[in-house]
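Undergrad: Below you'll find the structure I mean.
The values are calculated or read from the model by the stated rules, or taken from the named source; none is laboratory data. Note that the structure is predicted; figures quoted are calculated from it, not measured. Glycine gets a Cβ as well: all are built from the backbone with ideal geometry, and neighbour counts include every protein chain shown. Keep in mind that these areas ignore ligands, DNA and RNA; they rest on the heavy atoms of the full protein, side chains included. Shrake-Rupley method; radii C 1.70, N 1.55, O 1.52, S 1.80 Å.
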Amino acid sequence: MDIRIGHGYDVHALTEGLRLVLGGVEIAHTKGCVAHSDGDVVLHAICDALLGALALGDIGKLFPDTSDEFKGIDSKILLRRVCNEVEARGYSISNIDCTIAMQRPKLRPHIDNMRSAIAAVTGLDTDRVSVKATTTERMGFEGREEGVSTHAVVLLTK
Ligand code: MG
């Protein structure tokens with residue numbers, strides 16, 4: 001069996017009055033992510049983990065932020081396209097694990113909705129999709145609520 005691991009990391013700045021979309025779920029909050037797309041830092045980190053596993057570069061290479069095609073785009077569409085690249089090479093996703101670092105709001109009530117949304121896009125069972133959240137104890141840019149970051153790891157098999 002051919003096994004490949006991938007890691008992704010993404011950060012977006014937070015600004016008052018923008019939509020906050022994380023893990024494919026819109027979350028009511030006073031701030032949202034500044035981005036060319038919908039700014040879904042969780043799905044972007046997962047895309048980069050999948051691309052990393054296949055050594056295909058990163059999300060910016062596939063979907064340039066200079067392209068009007070991707071302006072305000074639902075990141076679920078980007079993730080689906082990356083899954084197509086994975087499947088085209090004969091790989092399947094074994095599991096996805098990600099950690100969101102954000103001070104506020106509390107993400108726990110949204111975690112299962114994110115897992116379901118990611119499972120729906122990737123075609124995985126929800127028990128193969130893990131989403132975790134942590135604060136950074138008020139330290140760093142996440143702690144100051146200037147931004148949100150996400151790490152993701154994936155395992156692919158063929
Ligand atoms: Mg991004």
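Undergrad: Starting from the range 8-21, take each residue that is more than 10 Å from the ligand (Cβ to nearest atom) and open to solvent by 50 Å² or more (accessible area, probe 1.4 Å) and list its partners that are polar (S, T, N, Q) and not in a strand (DSSP E or B), counting only C-beta distances under 9 angstrom and pairs at least six apart or across chains.
TA: Final answer for the pair search is Glu16/Thr30; Gly17/Thr30.
Undergrad: If you go through the range 52-84 one residue at a time, how many are out of contact with any Cys (no Cβ under 9 Å at 6 or more places or on another chain) and over 19 Å from Arg128 (Cβ atoms)?
TA: Looking only at that region, the number is 17.
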